[in-house]
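Worksheet: the structure to be examined is printed underneath.
The values are calculated or read from the model by the stated rules, or taken from the named source; none is laboratory data. This one's a predicted model, so the numbers in the text were calculated from it and none came from an experiment. Cβ placement follows ideal geometry from the backbone for every residue including glycine, while neighbour counts extend to all protein chains displayed.
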Amino acid sequence: MPEPIPVKILIVDDDVDVLLAARLLLKRYFKQVDTEKNPERIPFLVTNGGYDIVLLDMNFTRDVSSGKEGFDWLDRILDIDPKLVVVMLTAYGDVEMAVRAIKAGAADFVLKPWENDKLLATLQAALAGKMDKDESKKANPGTPSFTQSIIGNSLAMQAVFDTIERVAATNANVLILGENGTGKDLVARAIHQRSLRHERPFVPVDLGALTESLFESELFGHVKGAFTDAREDRAGRFEEAQGGTIFLDEIGNISLPQQARLLNVLQQRTVTRVGTNKARPIDVRLICATNAPIHQRVAERNGPTSRFRQDLLYRINTIELRLPPLRERPDDIVPLAEHFLKQYRKQYNRPVTSLSTPLVRQLRQYGWPGNVRELQHAIERAVILTRGTILEPEDFFFGTASTTHEDISFRETMHLEDVEKQLIQKALQKYNGNITEVARDLGLSRQALYRRLEKYGL
């Protein structure tokens, strides 16, 4: 038998017989095969295990009827590492859900009980796809995509880049301020990648998506028996980020009790898991972000809006970095548009070569309330739909769409993807594009919502 492929695989399933059978098969072909029956350990294992593939069960015993837990863990894995290959394990009756999982970011799915050759072929194909993408990036380094880099030649963005370079090598806490779509998460990753902690974990946390009851367990962990669903000890996000960076997004939206708990952790540099009194030391670099007027909330001590503790603000903003909205950096609009044009022209194999002069003028005049993310989706949609080789103003739709046609089509269609798209559109209109509120209303994580926005070109 040939030498095992130097690949690390994690198999997560609550059926020990499935885990044993899969491990006995795969360990003959792959260098390392680990198994885990408790999905609660997924964040820790994915963050620290360096896996190439996760073979994930679609259903766990807590929610066997809907497959929702499988989707939740898929989103969680891709939140931690968007490039990780996830292959779903599913029963025959769940094939439709497995197909939906692929659209949500999974690489493929395998039916249980599987055929050995089919399982091996699926894993090898998924690996080959990942390697092709990696090699393509090496062969065409060019300008990275917006999801991997920050593009900007304006004076405002040059000031941002200069601040990133100066603060990255320090351990100073950083607070990133900016509207939705300005790239706060990209700046946080850029700081981590240029820091002395770059080889340790980068752990993002969407605070806006955490309920009051989950806040402590998610951030600080819990022990077995701490509450009804606490079946095993579990590390929180702070422990997952040990030695690295924790990125707390939407920190301006947390409640005063949550602020008090977070402040205590930052002051003591320890976390105490829910259900125990044992404090655990932490060594993390803290980066926070918000689109909220956080200084105004500190000043409005008795105002109608949620207050923000001044002592917590002092703790998190050793360095404050403001990202300008796209309307304040008009010189970057055309370079960004041309970059996205090249990206999607290649992705969709479309013969679109350039932007027309009237379109350039209109792009620069438009206010871009959704900032760079809105521009990216607008270019993608135009590249797909245009009939010509040059993008023109008529290929774009600027402003807020009328809902009349959408309301009619919503009543007339029962196609799952159409309904999902229209629900997201309605939520975006309802909350004026506030991603945190939209995600909360739809019951999604922000990252899962972003993937759907990109999928539907919204």
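If a residue must be part of a loop (DSSP other than H, G, I, E, B), at pLDDT below 90 and β-branched (Val, Ile, Thr), how many such residues does the range 387-426 contain?
Residues in the range 387-426 being part of a loop (DSSP other than H, G, I, E, B), at pLDDT below 90 and β-branched (Val, Ile, Thr): 3 in total.
What about Leu326, is it over 18 Å from Ile176 (Cα atoms) and of a type in the set (A, V, I, L, M, F, W, C)? Spell out the reasoning first.
Details: over 18 Å from Ile176 (Cα atoms): no; of a type in the set (A, V, I, L, M, F, W, C): yes.
In short, no.
Applying the selection to the range 75-97, what residues are surrounded by 20 or more Cβ atoms within 10 Å (Cβ to Cβ), out of contact with any Ser or Thr (no Cβ under 9 Å at 6 or more places or on another chain) and either closer than 18 Å to Lys118 by Cβ or modelled with pLDDT of 85 or more (or both)?
Correct list: Ile77, Val85, Val86, Met88, Leu89, Thr90, Asp94.
Out of all the residues in the range 221-236, is one or more among the hydrophobic types (A, V, I, L, M, F, W, C), in a helix (DSSP H, G or I) and in contact (Cβ under 8 Å) with a residue 40 or more places away in the chain? Working first, answer last.
Quick first cut of the range 221-236, residues among the hydrophobic types (A, V, I, L, M, F, W, C) only: 223, 226-227, 230, 235.
Next cut, in a helix (DSSP H, G or I) only: none.
No: the range 221-236 contains no residue that is among the hydrophobic types (A, V, I, L, M, F, W, C), in a helix (DSSP H, G or I) and in contact (Cβ under 8 Å) with a residue 40 or more places away in the chain.
Between a first residue in the range 16-27 that is surrounded by fewer than 19 Cβ atoms within 10 Å (Cβ to Cβ) and a second residue that is in a helix (DSSP H, G or I), which pairs have beta carbons less than 6 Å apart while being 6 or more apart in sequence or on different chains?
Between residues of the range 16-27 that are surrounded by fewer than 19 Cβ atoms within 10 Å (Cβ to Cβ) and residues that are in a helix (DSSP H, G or I), the close pairs are Leu25/Asn116.
Inspect the range 144-156 for any residue being modelled with pLDDT of 90 or more, farther than 19 Å from Thr272 by Cα and not charged (D, E, K, R) and give the result as yes or no. Please lay out each step first, then the result.
If we filter the range 144-156 for residues that are modelled with pLDDT of 90 or more, which is where we start, we get none.
No, that holds for no residue.
From the list Arg297, Arg329, Arg285, pick out the single residue that is buried (at least 17 other Cβ atoms within 10 Å of the Cβ), in contact (Cβ under 8 Å) with a residue 12 or more places away in the chain and touching a strand residue (DSSP E or B) at 6+ places or on another chain (Cβ under 7 Å).
Details: Arg297 fails: touching a strand residue (DSSP E or B) at 6+ places or on another chain (Cβ under 7 Å); Arg329 fails: touching a strand residue (DSSP E or B) at 6+ places or on another chain (Cβ under 7 Å).
Exactly one residue qualifies, and that residue is Arg285.
Among (1) under 28 Å from Gly70 (Cβ atoms); (2) modelled with pLDDT of 75 or more, which single condition is Val360 missing?
Unmet for Val360, out of (1) under 28 Å from Gly70 (Cβ atoms); (2) modelled with pLDDT of 75 or more: (1).
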